[in-house]
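Only one structure is covered here, and it is reproduced in the block below.
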Amino acid sequence: MNTGVPDFLDEDDAIIVEACADLAGRSGCTAWEMGYVDKDESVPGSEDKWYCHIQYAGTRIGVSDMDGPVSAAMALSVKLLRGATCRCGKLVTLLGRNDQARCLWRIVERRWTPSCDVEPIHMPEGSRGDLRRLGEAMDQRQREQGGKR
Ligand SMILES: [Zn+2]
């Protein structure tokens, strides 16, 4: 997948954009796109507006009207992670710390990384971008974990 990280970004900013593209790729999307809409020259003080979109089978998730590529990447990452269920079965949190209900995610070495060490879910061949099958895989994992306790 072409991550399309803009080449004018400094190292720290590029990491945030790369981590977003990586996260999107791991979430099973089929396409990731970042770009901007030219400022409206007729409006004083107008700025270019950035967007970042990802495509799943039949669904598109994205953010737009952002001030730059870093805010677009961060906003999309938060959108993907907030309220999501981590592979360990806890809710993902981006703030604070781990507790019994939440698993803290942060960027480590250019990737969004959970603080648990549960193995990633491997999707069946040909099901990339299929959120329904991802949900089934998550449910399956939950049942297996529940069975062990
Ligand atoms: Zn976790």
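Within the stretch 118-147, the set of residues being more than 15 Å from the ligand (Cβ to nearest atom), at pLDDT below 75 and closer than 15 Å to Gly89 by Cβ comprises Leu134, Gly146, Gly147.
Among the residues of the stretch 63-83, those that are under 25 Å from Asp7 (Cβ atoms) and touching a Phe, Trp or Tyr at 6+ places or on another chain (Cβ under 6 Å) comprise Ser64, Met66, Gly68, Pro69, Ala72.
Condition check for His53 on (1) under 21 Å from Leu81 (Cβ atoms); (2) without any contact (Cβ under 8 Å) to a residue 24 or more places away in the chain; (3) more than 14 Å from the chain's Cα centre (by Cα): one failure, at (3).
Are there any strands (runs of 3 or more DSSP E) wholly within the stretch 1-116 with 1 or more residues that are within 16 Å of the ligand (Cβ to nearest atom) and crowded, with 18+ Cβ neighbours inside 10 Å, and if so which? Step through it out loud before you land on a result.
Working: elements: 31-37, 49-56, 59-66, 91-93, 102-108, 111-114.
Output list reads 91-93, 102-108, 111-114.
The values are calculated or read from the model by the stated rules, or taken from the named source; none is laboratory data. Nothing here was measured: the structure is a model prediction, and the numbers come from that model. Positions of Cβ are generated from backbone atoms using ideal geometry, with glycine treated the same way; all protein chains shown enter the neighbour counts.
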